[in-house]
Amino acid sequence: MSFSISGKTAIVTGAANGIGLAIGKQFAAAGANVMFADADEAALIREVGEQPEDSSTRYFAGDLRERLTIANLLSATIDAFDQVDILVNGARQVLTSDPLDPDDDSTHMLLTQNLLPTLRLSQQVAKRMIKQGEGREDNGPLGSIINLSSIAARRTHPELMAYSVSSAAMDQMTRSLSVALAPHRIRVNSIAFGSVMSGSLKAVLKENRAYREDIEQHTPLGRIASPTELTETAQFLASEASSFVTGQVMTLDGGRTLLDPVAAPVH
């Protein structure tokens, strides 16, 4: 079975840095057309650059919490590449919060930031994938949607309650959409990460080296993952090699969920 995604078109959100950027670059290197999407336009220009019209990579800057922005992202992708076959929902934010403070709006913020844009974009992209499949005589797959989640959905740390709730909701959304879209030959899966050396985690660890030691001690493989280590799993889920995989939450955490949770409230 082939891991090829050559000639496919992918939208990758959260693609200005870290995991999203690594996945976008992996897909482009594998021959896919890639729309790198993020709210940080300066970082997109720095990482992706101004691309000519015949380029296989483009970027889109905008706030995906806005419905119009989602519609514009999809339109820009279709205008550039005529189709969309893969969606990677990589835009996410991590916040610590006080679970006992009734004035703490972190849970609402993360559901608004992490979950709702993913749901709305997935719905719009799925609608487009279904339209692309109209009139096709073969029964091949029409698309793959991949959500980036976290092992925080299954671990309990009070200061990460808001992030844990949004991650758990993401996993359930993945399962629900996978069933709803299965008759349309669209697969939906999620990748639950442990600690990955993204820009945000790197900044936190720079301030407190004890956090790094704590994470490494509670991870059987004894280290923090590089974003590039996770791109192969994303390509597997995007390719026909995973044609019978849907509704799954794949865990990439170096074995961390096999042990007690890390004491520090960082992921």
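The values are calculated or read from the model by the stated rules, or taken from the named source; none is laboratory data. Not measured: the values here are computed from a predicted model. Here the Cβ positions follow ideal geometry from the backbone for every residue, glycine too, while neighbour counts run over all protein chains shown.
Summary of computed values
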read-out	value
Residues being in contact with an Asp or Glu (Cβ under 9 Å, 6 or more places away or on another chain) and part of a helix (DSSP H, G or I) - total across the range 139-160	4
Number of positions in the range 236-254 that are buried (at least 20 other Cβ atoms within 10 Å of the Cβ), in a helix (DSSP H, G or I) and out of contact with any helix residue (DSSP H, G or I) (no Cβ under 8 Å at 6 or more places or on another chain)	1
Within the range 183-208, considering residues that are assigned to a helix (DSSP H, G or I) and without any contact (Cβ under 8 Å) to a residue 60 or more places away in the chain, the one farthest from I130 (Cα to Cα)	E207
V12 being over 24 Å from V94 (Cα atoms) and of a type in the set (V, I, T)	no
Residue match in the range 40-61 (condition: among the β-branched types (V, I, T) and surrounded by fewer than 16 Cβ atoms within 10 Å (Cβ to Cβ))	yes
F27 vs. criteria within 18 Å of I146 (Cβ to Cβ), in contact with a strand residue (DSSP E or B) (Cβ under 6 Å, 6 or more places away or on another chain) and either in a strand (DSSP E or B) or charged (D, E, K, R) (or both)	no
Matching entry among T257, T233, T219, T174 (being touching a residue at least 60 places away in the same chain (Cβ under 8 Å), among the hydroxyl-bearing types (S, T, Y) and surrounded by fewer than 22 Cβ atoms within 10 Å (Cβ to Cβ))	T257
The lone exception for Q172 - which of (1) at pLDDT 95 or above; (2) part of a helix (DSSP H, G or I); (3) within 30 Å of D82 (Cβ to Cβ) it fails	(3)
Test result for G194, closer than 30 Å to D105 by Cβ, of a type outside the set (S, T, N, Q) and within 17 Å of the chain's Cα centre (by Cα)	yes
Residues of the range 43-66 satisfying the condition of being of a type in the set (F, W, Y) and at pLDDT below 95	none
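Here's the yes/no breakdown for (1) part of a helix (DSSP H, G or I); (2) within 21 Å of V165 (Cβ to Cβ):
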| residue | (1), (2) |
| --- | --- |
| A91 | no, yes |
| L116 | yes, yes |
| L119 | yes, yes |
| E137 | no, no |
